[in-house]
1. Filter the range 52-67 down to the residues that are touching a Lys or Arg at 6+ places or on another chain (Cβ under 9 Å) and either closer than 22 Å to residue 42 by Cβ or in a helix (DSSP H, G or I) (or both) and list them by number.
2. Quick check: is even one residue across the range 73-82 closer than 20 Å to residue 25 by Cα and either part of a loop (DSSP other than H, G, I, E, B) or aliphatic (A, V, I, L, M) (or both)?
3. Determine whether residue 44 is surrounded by 13 or more Cβ atoms within 10 Å (Cβ to Cβ), under 27 Å from residue 77 (Cα atoms) and polar (S, T, N, Q).
4. Can you give me the number of residues within the range 1-35 that are surrounded by fewer than 17 Cβ atoms within 10 Å (Cβ to Cβ) and either more than 19 Å from the chain's Cα centre (by Cα) or not small (Gly, Ala, Ser) (or both)?
5. So, in the range 54-101, how many residues would count as being of a type in the set (Val, Ile, Thr) and at pLDDT below 95?
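The values are calculated or read from the model by the stated rules, or taken from the named source; none is laboratory data. Worth saying up front: this structure is predicted, and the values here are computed from it rather than measured. Here the Cβ positions follow ideal geometry from the backbone for every residue, glycine too, while neighbour counts run over all protein chains shown.
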Amino acid sequence: MNNFGDREKGFEKKFANDQEVEFKVNAKKNKLLASWVANILKLNEDEKKNYITDVIKSDFQEAGDQDVFRKIKKDLEGKNIQDDEIRQKMSEFLEVAKKEI
């Protein structure tokens, strides 16, 4: 029975670790995405820091990336950035974040 308990604890620990890594990867992706948008919007350094925080916080509204996508899309209105380009950047920055974390 002890062997089973040890195994269960091992799986729980791995799951918690995987969740932590996933959270860090998504936060990094959102930071990179927000920096990209901040540059397009020509924000100064203080505005950029606040914007990055806002984008990261927007990811807590619902599961998945749709909440971040909506925020970015709204913020880029009038900048001639298409949905496909936003989604491409999201994918690109996800890959970068995975490599860095």
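1. 52, 54, 55, 56, 58
2. no
3. Here the answer is no, as residue 44 does not meet what is asked.
4. 24
5. Of the residues in the range 54-101, the ones of a type in the set (Val, Ile, Thr) are 55-56, 68, 72, 81, 86, 96, 101.
Adding the requirement that they be at pLDDT below 95 leaves 56, 101.
Qualifying residue count for the region: 2.
Here is a yes/no grid of residues against (1) assigned to a helix (DSSP H, G or I); (2) out of contact with any helix residue (DSSP H, G or I) (no Cβ under 7 Å at 6 or more places or on another chain); (3) within 23 Å of residue 101 (Cα to Cα); (4) free of Cβ contacts under 8 Å to residues at least 24 places away in the same chain:
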{"site": "8", "(1), (2), (3), (4)": "yes, yes, no, yes"}
{"site": "14", "(1), (2), (3), (4)": "yes, yes, yes, yes"}
{"site": "25", "(1), (2), (3), (4)": "yes, no, yes, no"}
{"site": "49", "(1), (2), (3), (4)": "yes, yes, yes, yes"}
